[in-house]
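Coordinate-derived values only; no laboratory data. From a predicted model like this one, the values you see are computed outputs, not experimental measurements. Reconstructed Cβ throughout: ideal geometry from the backbone, glycine too, with neighbour counts over all protein chains shown.
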Amino acid sequence: MNSFERVVATVNFKKPDRIPVIAQVFGHAAALSGVPLDKYIQDGEILARCQLDALEKYEYDAVFTVVDVNIETEALGSILDYRKNQYAVIKKYALLDDYDIDHLKMPDCEKSGRMPEVLKALKILKKTLKDDVLIVGCVLGPLTLTTQLLGLEKALYLAIDEPEKFEKLLDFSCNVLTNFGLAQISAGAHLPIVFDPSASPAVVPHNFFREFEAPRLKKLFHSFKTGGAIANWLHIAGPSDTILPYYPEIGVDIANFDYCVNSQVAMSALPETCLDGNIKPLAFVENNESDIISASKQLLNMFSKRGGFILSSGCEIPPESRPETIAAMVQAVRL
Amino acid sequence: MDAPYSKGDKMDPKKIDALIHYLLEGNSQKAVVSAKELHDEGISKEQIIIQGLEETMIQLGAKCTVEQFNLLEIMLAGRAVMEVMKYLYPEGTSPEETKGTVVIAALEGDVHDLGKNILKMVLTAKGYSVVDCGKDCTIQQLVDTAKEQSPFAIGISGLVTSIIPLVKQVREVLNSQGLDQIKIMAGGAALKQSLKEQLNVDFIADSAFDGVNYLEKIRGK
């Protein structure tokens, strides 16, 4: 089996030749290649090259074009601050002065902000890897994009104070993300992972997620499947226990679970959904290789009978991680 | 002038319950009206804080256990608390006596400040004086503020792991300025994955309430 076939088999609860291992290596790929992070996040060609270099070094089962959480908001008018060797941060929100979304224009994925760089990276990865390795694009969840347009506090207060305006903005965000995700699939992504950190129960209650976000995620994922995504992958960090039961209805095929979620709880909540996780991200910085192997083995044992499991970190592996620890996780599935 | 933290104000329990109810509900307007009614009846500002705002935070803290912690509920209550504080202490005035000063910051490279803002709201409601250094704050700014304000503790919030090397330096820089007595508390999604020994801090808080409980403990409140 090649990496792509291995992941597809696992997602469908068929027996792979070995458990897939997907390190959530984003900015770390730049560090590994000696490229400043600010260059990595602005240039699709550099991004693709660094991802390919990291793949060659670690030999895991997927590559990512995850850049940062500001691609979409930048394309909609937010102004970013690009700092040396750091992820970009928002300097001015697109909806800073008013909540009127009527002046927001639907981005052109071929022209707006760094969206074309993401598409460029995907085309290079697809040309190089074809269907040998899973190629993962990325869009935000509708709630997270909304919070990136207004700022988290303002967005959440808007949800309570003016729910109609908030829902209008959520719907607009959902349309932006649908277009961007479909453009990524056309450019070569096997699927766009949906990153939705603002939808975490650490931020909003589970009933808020159910009412506002779940229906829009369902719509988004339906569009991606129709557009050719091989699976739907949802990534919500933090204590997601209370929202996991909503995932099947949303159409999630792969559910990321963070280090703070108990594996048994995740398995019970999602008996028929592929799970990926959940080694503590900071462990790749602070711990040693034997700790990572031990944590990996524990997870592999726990999921050995169930199947439908991809060994991974709970969230992004920090850019400053020690390569030895990432290599240890990859090695664990081959022991 | 109100007596600071005087005991014995005769307060209608129904009215204080109403204030707590509106604060927990996040209803700023009605919470301010309730606080005004209490104050008009002669209840001191300090008693409104102790029996109304502090009690709200105790109830919210008990409700928002680590397992059921969500920021939205706390934000809404916190916004109502801050509105009541603004009514009690209009701009330019402040409580005469507080439980002590805490300096808070998100360090350079971290522009996420919601966690820090939540801590500020909870500390304010619990009767502390809070000096907010904002986000993206340099260690020098933090230490300069500590020298000026003489806090008993510093709270550092961190959502990104890249600030960890900076967090580790804070103790040493404080000590070099003779500020050894200041306790350092860390929290936030990135920092709480670590250990206090690794970060060279005195406490790692799981949540804003966990942090406040630690501060109450070291102040003997």
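Roughly how compact is region A:3-332, stated as its Cα Rg over 2.2 N^0.38 Å to two decimals?
0.93
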**Q.** All-pairs alpha carbon distance profile, region B:13-88, 10 Å steps from 0, percent
**A.** 22, 56, 19, 3, 0
(Q) Quick check for me: using +1 on Lys/Arg Cβ and -1 on Asp/Glu Cβ, what's the dipole size of region B:23-105 about its Cα centre, in debye to the nearest 20? (A) 200 debye
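Do the alpha carbons of any pairs in A:K91/A:K219; B:K45/B:K192; A:K91/B:K116 sit beyond 26 Å of each other, and which pairs?
Violating the 26 Å limit, Cα to Cα: A:K91/A:K219; B:K45/B:K192.
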(Q) If the only charges are +1 at each Lys and Arg Cβ and -1 at each Asp and Glu Cβ, what is the size of the charge dipole of region A:3-332 around the Cα centre, to the nearest 20 debye? (A) 820 debye
Q. Taking +1 at the Cβ of each Lys and Arg and -1 at the Cβ of each Asp and Glu, which of B:S28, B:I16, B:I48 sits farthest along the dipole of region B:13-88 towards its positive end, judged by Cα position relative to the Cα centre?
A. B:S28
**Q.** Calculated P(r) tail over 44 Å for the protein assembly as shown, as whole % of Cα pairs
**A.** 19 percent
Q) Roughly how tilted is helix A:289-303, in degrees to the nearest 10 and between 0 and 90, from the longest Cα axis of chain A? A) 90 degrees
Q. Say a paramagnetic label sat at a point 7 Å from the Cα of A:E56, along Cα to Cβ; which residues of region A:1-32 have their backbone N under 17 Å from it?
A. A:29-32
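Could you give the dipole magnitude of the protein assembly as shown about its Cα centre, charging the beta-carbon of Lys and Arg +1 and that of Asp and Glu -1, in debye to the nearest 20?
I would put it at about 1140 debye.
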Q | Tilt relative to chain A, helix A:44-58 - C-alpha long axis, 0 to 90 degrees, to 10 | A | 20 degrees
Q: With everything on Cα atoms, drop me the angle between helix A:163-187 and the longest principal axis of chain A, reported from 0 to 90° to the nearest 10.
A: 50 degrees
Q. So who's got an amide H within less than 5 Å of the one on A:I310, skipping anything under 5 residues away but keeping other chains? H placed 1.01 Å off N, in plane.
A. A:L275, A:D276, A:G277
Q) Put +1 on the Cβ of each Lys and Arg and -1 on the Cβ of each Asp and Glu in region B:106-181; which of B:S176, B:N117, B:Y128 then has its Cα farthest toward the positive end of the dipole? A) B:Y128
Q. What is the distance, in nm, between label points placed 7 Å from the Cα along the Cα-to-Cβ direction at B:D206 and at B:T101?
A. 3.2 nm
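Please tell me which of these pairs span more than 22 angstrom C-alpha to C-alpha: A:K39/A:K225; A:K168/B:K120; B:K126/B:K183; B:K63/B:K135? Walk me through the numbers on the way to the answer.
On the way: A:K39/A:K225 32 Å; A:K168/B:K120 31 Å; B:K126/B:K183 18 Å; B:K63/B:K135 28 Å.
Long pairs (Cα-Cα over 22 Å): A:K39/A:K225; A:K168/B:K120; B:K63/B:K135.
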Q.
Given points 7 Å out from each Cα along the Cα-Cβ axis, report the A:D17 to B:K168 separation in nanometres with one decimal.
A. 4.1 nm
Q. Can you list the aspartates and glutamates whose alpha carbon sits under 13 Å from that of A:K126, skipping same-chain ones fewer than 8 residues off?
A. A:E45
Q) Put a dot 7 Å past each Cα toward the Cβ at A:Q264 and B:E37; how far apart are the dots in nm? A) 5.0 nm
Q. How do A:K123, A:K105 rank when sorted from fewest to most other Cβ atoms within 10 Å of their own Cβ?
A. A:K105, A:K123
